[in-house]
Amino acid sequence: MIKQHGILDKYTMFGEYEHAQWIKKEAQALPPGSKVLDVGAGACRYRGLFEHCEYRTHDFAKLEAKETGPGYGKLDYISDILSIPVQDGSFDVVLCTQVLEHVPKPVLAIKEFSRILRPGGILLLTAPQRSGLHQPPYHYYGGYTAFWYKMFLPASGFAIINLEPNGVFFKHYGEAGQQFVGMLFPNEGRRWWWRWAFLPIFLLCKISALIQSVICHYLDGLDEEKRMTVGYHVKAVKK
């Protein structure tokens, strides 16, 4: 089930918040009965957004429980991402979010998406451009730039409809403040007692980071170069 975000999440964890909002918007735009395959679905957290569609899920299902958070949801297909056991042109939509960094040969995964989509089918794709190590040992790439999508999607038979960054420098800077507080005053681990021993300092840092996140949210439009982003929301159509 998709996480319900609080009122401050758009400032304090904008990357995850904007990512979820984008998927929700694209899901709502799909015609009822659309055949959707969520590739690398994991916990199947987006199932509720596609109740009006024929929603199917896929994953390789090899991660240990501690790396999957809530664990795997009900999966319809379990296989390598390069050989999903469905016929050519089986789906109207392929959704693949935050998966490509875990795929050793991501270009071949794009070609597999093209195979299983019908002509005119839609690919909804996200992957990080900046990413800390996660889900080891299945983490092979630090991030994907806009130029990667522009190179390899058309080469695999897709036309890009939309390619938009998920926040740029200022939002990134604001979110880093939240991470700073989380690392300095963790909820668990050897330093948990810091939060209580230095409670006034913790509260000052927490409030300062929140104010910074809100300010940076509204300053984000000042970044005209748009070279730093947590990732891209990509919508493409199979030609």
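Numbers at a glance
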| item | result |
| --- | --- |
| Test: G42 is surrounded by 15 or more Cβ atoms within 10 Å (Cβ to Cβ), at positive phi and in contact (Cβ under 8 Å) with a residue 12 or more places away in the chain | yes |
| Cross-chain or 6+ apart pairs with Cβ under 9 Å, segment 47-69 first and over 15 Å from V86 (Cα atoms) and basic (K, R), then open to solvent by 60 Å² or more (accessible area, probe 1.4 Å) and modelled with pLDDT under 90 | R47/M1 |
| Tally of residues being among the aliphatic types (A, V, I, L, M) and at pLDDT 95 or above across segment 220-239 | 3 |
| Filtered residues of segment 193-236 (kept if acidic (D, E) and not in a helix (DSSP H, G or I)) | D223, E224, E225 |
| Residue in segment 1-20 that is modelled with pLDDT of 95 or more, among the aromatic types (F, W, Y) and surrounded by 17 or more Cβ atoms within 10 Å (Cβ to Cβ) present | no |
| Within segment 154-175, tally of residues that are part of a helix (DSSP H, G or I) and either in contact (Cβ under 8 Å) with a residue 40 or more places away in the chain or surrounded by fewer than 13 Cβ atoms within 10 Å (Cβ to Cβ) (or both) | 8 |
| Qualifying residue in segment 176-189 (condition: assigned to a loop (DSSP other than H, G, I, E, B), without any contact (Cβ under 8 Å) to a residue 24 or more places away in the chain and open to solvent by less than 40 Å² (accessible area, probe 1.4 Å)) | yes |
| Residue in segment 135-151 that is among the hydrophobic types (A, V, I, L, M, F, W, C) and touching a residue at least 60 places away in the same chain (Cβ under 8 Å) present | yes |
| So I116, is it in contact with a Gly (Cβ under 8 Å, 6 or more places away or on another chain) and either among the polar types (S, T, N, Q) or modelled with pLDDT of 95 or more (or both) | yes |
| Residue match in segment 130-153 (condition: among the basic types (K, R), assigned to a strand (DSSP E or B) and over 27 Å from L63 (Cβ atoms)) | no |
| Scan of segment 64-122 for residues that are open to solvent by 50 Å² or more (accessible area, probe 1.4 Å) and assigned to a strand (DSSP E or B), ordered by number | Y77, I78, R118, P119 |
| Selection within segment 217-239 - open to solvent by less than 80 Å² (accessible area, probe 1.4 Å) and either touching a residue at least 60 places away in the same chain (Cβ under 8 Å) or of a type in the set (K, R) (or both) | H217, M228, T229, V230, G231, Y232, H233, V234, K235, A236, V237, K238 |
| Top-ranked residue of segment 68-111 - restricted to ones that are small (G, A, S) and at pLDDT below 95, ranked as nearest to E16 (Cα to Cα) | G69 |
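The values are calculated or read from the model by the stated rules, or taken from the named source; none is laboratory data. Because the structure is predicted, anything quoted here is derived from the model rather than measured. Please note: Cβ atoms are built from the backbone with ideal geometry, for glycine as well, and neighbour counts cover all protein chains shown. These accessible areas exclude ligands, DNA and RNA; they are computed on the full protein's heavy atoms, side chains included. Shrake-Rupley method; radii C 1.70, N 1.55, O 1.52, S 1.80 Å.
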